[in-house]
Amino acid sequence: MRSSAKIIAYANCPSTRNLRHPRALGTTKILCKDAEDIIYIWLCKLRRLGVPVSQEKLREEALIVAADFGLASHQFKASSSWSSRFVRDYKLSNRKKTRTCQV
């Protein structure tokens with residue numbers, strides 16, 4: 001259980017007061033921009049070929065790229081929140097191609 005002094009310190013600091021789950025600096029890793037660009041290029045190639053890319057495939061590729069960049073599996077987990085942020089940041093969508101069109 002957290003100490004009340006630590007909770008009060010987080011609540012009083014403007015940069016941490018709105019955090020739901022504050023973590024110490026350095027306890028989590030994110031992919032660098034170059035790694036995310038590699039994933040984006042991979043995703044675009046698959047989409048051009050008409051291959052549907054699920055969130056699970058995206059996360060698997062992110063783990064492979066993270067390993068190539070030297071991140072261990074305990075450092076980067078390609079969580080669902082990471083994949084949601086990735087999709088949002090790169091303005092992607094999971095829309096399905098159909099043969100019908102709207103008039």
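The values are calculated or read from the model by the stated rules, or taken from the named source; none is laboratory data. It should be emphasised that the depicted structure is a prediction, and the values quoted were computed from it without experimental measurement. So basically every Cβ, Gly included, is an ideal-geometry build from the backbone, and we count neighbours across all protein chains shown.
Can you list residue pairs whose Cβ atoms sit under 7 Å apart, with the first residue in segment 58-78 being free of Cβ contacts under 8 Å to residues at least 24 places away in the same chain and in a helix (DSSP H, G or I) and the second being of a type outside the set (D, E, K, R) and surrounded by 17 or more Cβ atoms within 10 Å (Cβ to Cβ)? Count only pairs 6 or more apart in sequence or on different chains.
From segment 58-78, the pairs are E61/I39; E61/W42; L63/A78.
Looking at segment 45-81 only, could you name the residues that are surrounded by 13 or more Cβ atoms within 10 Å (Cβ to Cβ) and closer than 16 Å to S93 by Cβ?
Result: L46, R47, V53, Q55, K57, L58.
I'm trying to understand the selection: among the residues of segment 78-103, which are touching a Ser or Thr at 6+ places or on another chain (Cβ under 9 Å) and modelled with pLDDT of 90 or more?
Within segment 78-103, just V87 meets the criteria.
Under 6 Å between Cβ atoms, which residue pairs at least 6 apart in sequence (or on different chains) link something in segment 82-93 that is surrounded by 13 or more Cβ atoms within 10 Å (Cβ to Cβ) with a partner that is among the hydroxyl-bearing types (S, T, Y)?
Taking only residues 6 or more apart or on different chains, the pairs are Y90/Y40.
Counting only residues that are assigned to a loop (DSSP other than H, G, I, E, B), farther than 30 Å from Y10 by Cβ and among the hydrophobic types (A, V, I, L, M, F, W, C), which one in segment 25-57 is modelled with the highest pLDDT?
Here the answer is L49.
Spot the failing condition for A11; the list is (1) modelled with pLDDT under 75; (2) surrounded by 10 or more Cβ atoms within 10 Å (Cβ to Cβ); (3) small (G, A, S), and only one is missed.
Here A11 clears every test but (1).
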